[in-house]
Amino acid sequence: MSVEDTRMRDKLRALAGAELVERLDFLERRQQRRLPDAPLPVPAVDDRLDADVIFGGGGLSLLIAAELAGRGISVLVFERARAGTAHREWNASRSELQVLVDRGLVDEATLAGMIVASYKDGFCRFHGGKADHVVAGVLDQAIDAGALAAHVRAVAEARGVRFVDGVSVDGLGPGEYGVRVRAKRLGDIPLADQGKPGKDAVFAQGKLFVDARGASSPYATADLLCPTVGGVLRGLPEGDGPKRWRRDVGEILVTTEGIVDGVQHVWEGFPGRDGELTTYLFYYAKAAKLAGRPRLLALYTRFFETLPSYKDGDPTLVRPTFGYIPGWSRLTRPAAPPHPRVALVGDAAARQSPLTFCGFGAMLRSFVGAADALEKGLTTGRLPPSIVDDAEVHAGTGPLAALMADSGMQGDALNHLLDDAFGALADAGNETYASLLQDRMGREAFRAFVLQTAGRHPRVYADVFTSLGLVDALRWGAKVTTGLGWKS
């Protein structure tokens, strides 16, 4: 361990406690030690069928599990911790949340009780920019994620879903009925020893397997990563002004400085319960550049060191949130399952927006369609390459995320580009602005947005060619201008 690593650990222990440092170290080890699933032999023909669909991971994917169970499909869920838990708030618009009511996962009154804050609007603000770019109807409802996750688990259990907590899937293979799954027991094992060989395992057979293991999945091969740290904070004063926050306003994207060491750091702030602000610091990066290089410790240290540039006050970290959120530029091959009876969802699939990485909204838009694909796959014995929705606009926004991850820009150059781009969105009207952030924008509207941005910021053409290279820049331009390959 380097002297600098030791210094950061000591500082972060003083700021946030030893437990957070231990959890960060564990996540970094797991991310760097991602091993392929062990191949499993075909079991004896008299082995039983445990479930139609087996899930590895019990986070947002529980929406799919509960939907399947409501259709009479048997489901088994393996989860390394406890399925149906969460440690922060999730944000979405009220219209996006309606699908939970429509599918019978929650009633109107219960959903209303889970909304801990509602905003009149939100904004994006970039360092040195001309204005705050305000949008309404986007990420404007803060949901008690813990309450919603626990509720969906209870609904799933009532519909017959079986849960095995404290196990980690580490083996897949063909089975008499479709797929055989092995999961290691993690219960009563110290955090530092979890995932080591020689521990007891459990086996199950299903017709299909859903990989919801997130960025730790061996098949999570997306080309972008978004290191993210933060959590729920108290002690930040409310009020008007750039370094205060209001309960009725969401802060969607905010920068307080230019590019530092090749990275553009971005803040988010979403009010939750009284006195609490869920705050994140993140940046875009090429996955290849982060391979084997732990970054969360340094990013969390930076979070506390630079938080005063974002907000006033003397904050207390109530609940930490951190991780690597995968993203896909749509310029490379997508993450792919190893077998036609295996499906990737959530961060393992990386089909959420490459710009906003909004996994909750993506799952709300996708879980019914994912259940449709799985139900069909039970009959055909095959699944499509992706069972979750990949919005068409991602063919346009994916390369922009790649540009932000490796732009070659210096100082406030990226901030100026973002300020002009979001200024163009705001001038186009709230519906156009909201449609981009909610993955609803069509090709013609996206093309108009690109042209409007270029009119404000002509250097964008040079930035695209410098960052993406000639071939990818031309491919992206062809998609935007002609529609060729727009849906891919």
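The values are calculated or read from the model by the stated rules, or taken from the named source; none is laboratory data. Model, not experiment: these values are computed from the prediction. As a convention, Cβ positions derive from the backbone with ideal geometry for all residues, glycine included, and neighbour counts pool all protein chains shown. Each accessible area value is taken on the protein alone, full model and side chains, heavy atoms only, with ligands, DNA and RNA left out. Shrake-Rupley method; radii C 1.70, N 1.55, O 1.52, S 1.80 Å.
Ranking of LYS130, LYS286 by solvent-accessible surface, largest first: LYS130, LYS286 (1.4 Å probe, protein heavy atoms only, all chains present). Accessible surface of the range 47-100, 1.4 Å probe: 49 percent of it comes from carbon and sulfur atoms. Quick one: Cα centre-to-centre distance for the range 342-418 and the range 247-318, in angstrom? When both Cα centres are located, 22 Å separates them.
Looking at the chain alone, DSSP beta bridges between its own residues are antiparallel in about 70 percent of cases.
Between helix 394-405 and the chain, what is the angle of the helix's C-alpha long axis to the longest principal axis, kept within 0 to 90° and rounded to the nearest 10? The angle comes out near 70 degrees.
Rounded to the nearest whole Hz, the Karplus-based 3J(HN,Hα) values (6.51 cos²θ - 1.76 cosθ + 1.60, θ = phi - 60°) of the range 432-448 follow the sequence 5, 4, 5, 5, 5, 5, 9, 6, 10, 5, x, 5, 5, 5, 5, 4, 5, with x at glycine and proline.
Among residues other than GLU67 whose Cβ falls under 12 Å from its Cβ, what is the net charge (Lys/Arg +1, Asp/Glu -1)?
On the way: positive: ARG71, ARG103, ARG159; negative: ASP102, ASP372, GLU375.
Summing Lys and Arg as +1 and Asp and Glu as -1 gives 0.
In order along the range 113-125, phi translates into HN-Hα couplings of x, 8, 7, 8, 7, 10, 10, 6, 6, x, 8, 10, 9 Hz, rounded to whole numbers, per the Karplus curve 6.51 cos²θ - 1.76 cosθ + 1.60 with θ = phi - 60° and x for Gly and Pro. Taking volume of the Cα convex hull per residue in Å³ as the quantity of interest, determine which of (i) 170; (ii) 144; (iii) 134 was computed from the displayed structure. Comparing each candidate, only (ii) matches the computed number.
Between beta-carbons, use under 10 Å as the cut-off and find the net charge around LEU344, counting Lys and Arg +1, Asp and Glu -1.
Overall, the nearby charge balance is 0.
The angle between the Cα long axis of helix 18-32 and the main principal axis of the chain comes to about 70°, on a 0 to 90 degree scale. Packing here is the average count of other Cβ atoms within 10 Å per residue, and on that basis the peptides 362-372, 21-31, highest first, run 362-372, 21-31.
Pairs exceeding 27 Å between alpha-carbon atoms, taken from LYS130/LYS243; LYS184/LYS376; LYS207/LYS479; LYS289/LYS376; LYS130/LYS479; LYS286/LYS487: LYS184/LYS376; LYS207/LYS479; LYS289/LYS376; LYS130/LYS479.
Hey, what's the chain come to in accessible area per residue, 1.4 Å probe, Å²? Let's see the in-between values first.
Values: 19770 Å² over 488 residues.
With all protein chains present, the chain gives 41 Å² per residue.
Would you mind checking the tilt of helix 145-158 against the longest principal axis of the Cα atoms of the chain, expressed as 0 to 90 degrees and rounded to 10? Relative to the chain, helix 145-158 is tipped by roughly 20 degrees. With the convex hull constructed from alpha-carbon coordinates only, the range 222-272 shows a mean projected area of 5.0 nm² over all directions. Accessible-area rank, largest first, for THR279, THR332: THR332, THR279, with all protein chains present and a 1.4 angstrom probe.
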